[in-house]
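Q: Structure provided below as C-alpha cells; questions to follow.
The values are calculated or read from the model by the stated rules, or taken from the named source; none is laboratory data. No experiment lies behind these values; they were computed from the predicted model shown. Because the Cβ atoms are built from the backbone with ideal geometry, glycine has one as well, and the counts that use them run over all protein chains shown. The accessibility values were calculated without ligands, DNA or RNA, using every heavy atom of the protein model including side chains. Shrake-Rupley method; radii C 1.70, N 1.55, O 1.52, S 1.80 Å.
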Amino acid sequence: MKLALAQIAIEGGDVESNRKRAADAIESAAEQDADLVALPEIFNVGYFAFETYQRNAEALDGPTLTQVGDLADDHDIGVLAGSIVEDLSLTDGETPAEEGLANTSVFFDRDGNRRAVYRKHHLFGYKSAEAEMLVPGESLGIVEFEDVTLGMTTCYDLRFPELYRDIAEAGATLVLVPSAWPYPRVEHWRVLSRARAIENQCFLATINGSGSYEDATLLGRSTVYDPWGTALASTGDEPELVIRDIDPTRVSEIREKFPAWHDRRR
C-alpha cells in the first residue's frame, strides 16, 4: 500500500483556503499513485481557532466532507478526512449526544463512500477550550480498506495507550493519527507515536498540520512508523506530502517473530 500524509498549511478560520489546500493534496497524492491519503486534525477550520468552531461546524454530509468524498471518487483514492468540527444536532444516525460539537474524522473509500466515523475520545484540557466545547466520542474507529485493517485516533489520544491496545486487539494493522500538535512538545510527539507503534506491533502514521495561529505553532513532523517503531518517512514543520509504501504482511511477521503479547498478564 502506498500511504500519503498530507501535512498542509492551515490558516485559522479560513475554511475556503484550507479546503483548497486539502483538495490539492488529495489530487497530488492521487497523481503519485497513492492508495490512501490522510489529512490533519480539524484541517478545514484550524484546531486553535476555537472562536470559529460554532459557526463553521458541519454535519457529516456538509460541504467539507461532501467535497472530500467527491475527490476520493474522482481520483480513485481512499481518504481519511481527519478531522472537522461536527455539529451533532445536524447529523442523522448514532451520535454520542443529541447536540453539541465533536472532533470528527471520516474515512472514505475509493468510490467516495463514507465507511467509518471516529470522534476524538480524549479532549485536551490543558490551557485549551477543547474539553469545554466538544463532546467526546465513544466508539472505536476501525475500517477495512483493501488488505489493511485501519484504526483511527486523533492527536491527544496518543497519550492514552489503552485506546491503542483496544484498536490493535480489534485487528488494526495500521493506525492513522490526524493531529494539531504544537511546539514545544516535539519529544512528546516523537516518543508517544513511536511507543504506540512498538507496543502494539503495528504501523502507525501521524498526520500533523503546518502553520501558526495566535501563540500556537504546529510542529509538523508527520511520520510513518513501522511495527518496530522505526521511522520510515518523515518531514519537518513546513507543508509537505509524505509518501511511503508499507507492507501490511510485516505486522503478522513481526508479531510472530517477537510475540510479546503472549507474555502479557492482566
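Q: Would it be correct to say that Pro182 is in contact (Cβ under 8 Å) with a residue 24 or more places away in the chain and closer than 24 Å to Ile26 by Cα?
A: yes
Q: Just one of Glu31, Glu41, Glu98, Glu51 is at pLDDT below 95 and either open to solvent by less than 10 Å² (accessible area, probe 1.4 Å) or over 18 Å from the mean Cα position of the chain (by Cα) (or both); which is it? Before you say what the answer is, go through the steps one by one.
A: On the way: Glu31 fails: at pLDDT below 95; Glu41 fails: at pLDDT below 95; Glu51 fails: at pLDDT below 95.
So the residue among Glu31, Glu41, Glu98, Glu51 that is at pLDDT below 95 and either open to solvent by less than 10 Å² (accessible area, probe 1.4 Å) or over 18 Å from the mean Cα position of the chain (by Cα) (or both) is Glu98.
Q: I want to confirm something. Restricting to the stretch 95-116 and keeping residues that are part of a loop (DSSP other than H, G, I, E, B) and among the polar types (S, T, N, Q), which single residue is farthest from Gln7 (Cα to Cα)? Give the steps one after another, and end with the answer.
A: Just the residues of the stretch 95-116 that are part of a loop (DSSP other than H, G, I, E, B), to begin with: 95-100, 109-113.
Restricting the remaining residues to those that are among the polar types (S, T, N, Q) gives 95, 113.
Working: Thr95: 29, Asn113: 23 Å.
Among those residues, the one meeting the criterion is Thr95.
Q: Can you tell me which residues in the stretch 119-167 are within 19 Å of Thr91 (Cβ to Cβ), without any contact (Cβ under 8 Å) to a residue 40 or more places away in the chain and in contact with a Phe, Trp or Tyr (Cβ under 6 Å, 6 or more places away or on another chain)?
A: Gly141, Val143, listed by residue number.
Q: Please go through the stretch 224-245 and pick out each residue that is closer than 19 Å to Ala172 by Cα and in contact (Cβ under 8 Å) with a residue 40 or more places away in the chain.
A: Result: Val224, Arg244, Asp245.
Q: Can you find even one residue in the stretch 101-113 that is modelled with pLDDT of 95 or more, farther than 27 Å from Ala34 by Cα and open to solvent by 30 Å² or more (accessible area, probe 1.4 Å)?
A: To start, the set of residues in the stretch 101-113 that are modelled with pLDDT of 95 or more comprises 101-113.
After this cut, where a residue has to be farther than 27 Å from Ala34 by Cα as well, the list is 101-102.
From the residues that got through so far, the ones that are open to solvent by 30 Å² or more (accessible area, probe 1.4 Å) too are none.
No: zero hits.
Q: Is it the case that Leu218 is closer than 21 Å to Ala6 by Cα, outside any helix (DSSP H, G or I) and touching a Ser or Thr at 6+ places or on another chain (Cβ under 6 Å)?
A: Values: closer than 21 Å to Ala6 by Cα: yes; outside any helix (DSSP H, G or I): yes; touching a Ser or Thr at 6+ places or on another chain (Cβ under 6 Å): yes.
The answer is yes for Leu218.
Q: Would you be able to say whether some residue in the stretch 209-220 is surrounded by fewer than 17 Cβ atoms within 10 Å (Cβ to Cβ), without any contact (Cβ under 8 Å) to a residue 24 or more places away in the chain and more than 21 Å from Ala49 (Cα to Cα)?
A: For the stretch 209-220, residues surrounded by fewer than 17 Cβ atoms within 10 Å (Cβ to Cβ), without any contact (Cβ under 8 Å) to a residue 24 or more places away in the chain and more than 21 Å from Ala49 (Cα to Cα): absent.
Q: Another question, then. Being touching a helix residue (DSSP H, G or I) at 6+ places or on another chain (Cβ under 6 Å) and either surrounded by fewer than 22 Cβ atoms within 10 Å (Cβ to Cβ) or of a type in the set (D, E, K, R) (or both) is the filter here, so list the residues in the stretch 72-82 that pass it.
A: Step one: of the stretch 72-82, the residues touching a helix residue (DSSP H, G or I) at 6+ places or on another chain (Cβ under 6 Å) are 75, 77, 79, 81.
His75 - this is the single residue of the stretch 72-82 that is touching a helix residue (DSSP H, G or I) at 6+ places or on another chain (Cβ under 6 Å) and either surrounded by fewer than 22 Cβ atoms within 10 Å (Cβ to Cβ) or of a type in the set (D, E, K, R) (or both).
Q: Give the number of residues within the stretch 15-58 that are part of a loop (DSSP other than H, G, I, E, B) and among the polar types (S, T, N, Q).
A: Going residue by residue through the stretch 15-58, those that are part of a loop (DSSP other than H, G, I, E, B) are 32-35, 39-49, 57.
Then keep just the ones that are among the polar types (S, T, N, Q); that gives 32, 44.
The total comes to 2.
Q: Residue by residue through the stretch 124-134, note down the ones that are open to solvent by less than 30 Å² (accessible area, probe 1.4 Å) and either within 19 Å of the chain's Cα centre (by Cα) or over 23 Å from Tyr183 (Cβ atoms) (or both).
A: Glu130, Leu134, listed by residue number.
Q: Considering the stretch 57-71 alone, what residues qualify as being crowded, with 19+ Cβ neighbours inside 10 Å and of a type outside the set (Gly, Ala, Ser)? Steps first, answer last, please.
A: Of all residues in the stretch 57-71, those crowded, with 19+ Cβ neighbours inside 10 Å come to 57-58, 60, 64-65, 68-69, 71.
Those that are crowded, with 19+ Cβ neighbours inside 10 Å and of a type outside the set (Gly, Ala, Ser): Glu58, Leu60, Thr64, Leu65, Val68, Leu71.
Q: Moving to a separate point now. Picking from Asp74, Asp61, Asp92, which residue would you name as being more than 20 Å from the chain's Cα centre (by Cα), more than 18 Å from His121 (Cα to Cα) and in a loop (DSSP other than H, G, I, E, B)?
A: Details: Asp74 fails: in a loop (DSSP other than H, G, I, E, B); Asp61 fails: more than 20 Å from the chain's Cα centre (by Cα).
After applying the criteria, what remains is Asp92.
Q: Would you mention how many residues in the stretch 151-201 are open to solvent by less than 30 Å² (accessible area, probe 1.4 Å) and of a type in the set (Asp, Glu)?
A: 1
Q: Another question, then. From the residues in the stretch 222-266 that are outside any helix (DSSP H, G or I) and among the small types (Gly, Ala, Ser), which one is nearest to the chain's Cα centre (by Cα)? Quick ask: steps written out before the conclusion?
A: First, pick out the residues of the stretch 222-266 that are outside any helix (DSSP H, G or I): 222-248, 258-259, 264-266.
Filter again for among the small types (Gly, Ala, Ser), leaving 222, 229, 231, 233-234, 236.
Details: Ser222: 11, Gly229: 18, Ala231: 17, Ala233: 16, Ser234: 15, Gly236: 18 Å.
So the residue we want is Ser222.
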